[in-house]
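Accompanying notes for the structure given below.
The values are calculated or read from the model by the stated rules, or taken from the named source; none is laboratory data. In this text the structure is predicted, and so the values were computed from the model without any measurement. Note that we place each Cβ from the backbone using ideal geometry, even for glycine, and neighbour counts take in every protein chain shown.
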Amino acid sequence: MLDADADAPQPWFAAAFVPAPTLKEAVEDGGALPEPAVRALGAGLAEALQAVHGAGLVHRDLKPGNVLLAEDGPKIIDFGIAKVVDATQITRTGGMIGTLAYLAPEQISGAKDAGPGADVFALGGVLVYAATGARPFGESDPGALLYEIMYGEPDLDGLPASLRSTLAACLDKEPARRPPLTDVLAALTPAVPSALLSPALRRDLAAREAEANRISSGPVTPPPPLPSFEETASGGPRRRRVLGLAAGTAVAVTGIGAGTAAWALAGGRAQPARPAPRGTALAAAPAPAWTFVPPAPVASDASHLLVAGGVVLWGGDDATYGVDAASGRRLWTADVRVFAGCAVHGSTFILPDGGGTDERTTITLVDAASGEATHLPMPGGARPGSVFGVAGGAVLLESGTYSDDDTPTVWAVDLADGKARWRLPVADSVVQGAVDRNGLYLNVAHALSAVDLATGRGRWTVDWSGPGQDRPAQGITVAGGRVFGSFGGTLQAVDTAGGKAVWSRSTDRDFPSVLLAAGKVIFRGDDLHAHDRATGAPAWTLAGPESFVNDQGYDAASDGVLAAAFDGGSAHGLFAATSSGRGLWAHWGDVPRAKAWDVAVSGSSIFATDHQRLLCFRAAP
């Protein structure tokens, strides 16, 4: 705040306007930040918190949405729930103050007053998010997330090794064991402030500055007069509308109970999304924000997309490019091949080399910022197949079967030296897998199994074979202590601790793909079917203009938007919708060398390729 006069005839205050994106916007649009940028961000935030604490305050709601990435360094905003350190009255008796994903345990339990240590805890969470693009305690529903913060361990696998111990200390459950900000600053040294100003951020800042200058140079519009208390209901704002506005503000602060509040304040009339019948007219897609045409063909057949660190990797068996997600400018070209089954870990692309004619048997790690590739030979000369994920410094993947002599096998390969930590033969060549920090989960040969990450030994198995259950293993995903998938004619959420079904819904369809978005689990077959992650209650069903591609890897989602490829035989294209089930638009286009468009999503950006061009659409949900 610059100045204020609360006693003036028309009370006023003046605050500085900072034309800059939030950290949340920057990561959603461009992906995780590289290590030098994370160090610069952390040093700037630690210095800002030192000033806050030096003034006798605690912020109590530090989160990515409250951090502005300004040209002169990061700025912390929204002190709406800040507290004087020695004050005895909390803002709301018995209530949790702050945003759930970044709350310290003492803020949740209320057993201890939240002092400066709560801001250190939140700082650790914010820096984990900046470095990995993910929250340290996952994307679970509120109940599971509260449990993870109180009793679970943060997921730090995607962090640079040099930052892991410092941020782990910041996220200690006990405030007294968290490091002081002076120690955090020392651990982040060297920190170069300019490292935070990536080319994409500089362009964003310039555009925001130009827009601010345009607005400020225009005519000044006085605010409308405030209604008096004597105005009638017809002459002033209606009470229900006023309540709705107030609820919107409160939900933005707390982040809990938004759906309930919105439903109640609308008069109790729920309006669920209606399934759109196939063939329903959809708006044409907007013009692409940018189009990248490669100097040489990418693939003889299909190409694939991945997004990390603000870079789109687009590659196939002929060429691989790194493209700036914001502008579409080519950043680098890599001499690597990209096949199905790739994965992202932090700001690293993990590519299983295999299936080509030259018998390559390596796992390739590509740095998103530089395009530099590191090749890890597969143990025993095995040929890598799909990558399931990374946990505990090891990549979990299958080895492909290319002849009758090959045995389907799942491996844990150390990312540092390429050595096998363990190998696990499996009963079928069709293996679906998912990884969290507690285990590897495999859907194979009519059974779902949990595997210990350290030893490769099975923890539990659920057999879903039976009469008529001859479908191949379908895709699975894991979040919040639950494995979601289609098993033996049912849609299920299975508890990762013991393998018990949390909820189950019968189905007579195949669902090769499972997505997570905005508290929903979305099963993609011919249509999209969303269910509440906590209860399994149906949320919405959405049909595309044609049937969606009946295979894995042709869909993607963020918390705001989702995209899926469709194939009507002669009609190919891309369908976009909000994560709440509202169809946005469709883009039609031939796919001459493959059976479908490939897609990737980051924030509100949808990246799509027909295997000749790479397009970027901005999908405003």
Which helices (runs of 4 or more DSSP H) does region 123-232 wholly contain that include 2 or more residues that are among the charged types (D, E, K, R), surrounded by 13 or more Cβ atoms within 10 Å (Cβ to Cβ) and modelled with pLDDT of 80 or more? 199-216
I need the full set of residues from region 295-320 which are farther than 21 Å from VAL27 by Cα and either touching a residue at least 60 places away in the same chain (Cβ under 8 Å) or of a type in the set (S, T, N, Q) (or both), in order please. PRO297, VAL298, ALA299, SER300, ASP301, ALA302, SER303, HIS304, GLY316, THR320
For GLY65: the one exception among (1) within 20 Å of ALA134 (Cβ to Cβ); (2) part of a loop (DSSP other than H, G, I, E, B): (2)
Of these, PHE511, PHE548, which one is touching a His at 6+ places or on another chain (Cβ under 8 Å) and surrounded by 20 or more Cβ atoms within 10 Å (Cβ to Cβ)? PHE511
Can you confirm whether PHE566 is modelled with pLDDT of 90 or more and crowded, with 21+ Cβ neighbours inside 10 Å? no
Select from region 569-603 the residues that are within 21 Å of GLY322 (Cβ to Cβ) and at pLDDT 90 or above and write down the one among them that is farthest from the chain's Cα centre (by Cα). TRP597
All conditions in (1) of a type in the set (D, E, K, R); (2) closer than 22 Å to GLU139 by Cα; (3) surrounded by 20 or more Cβ atoms within 10 Å (Cβ to Cβ) are true of ASP532 except (3)
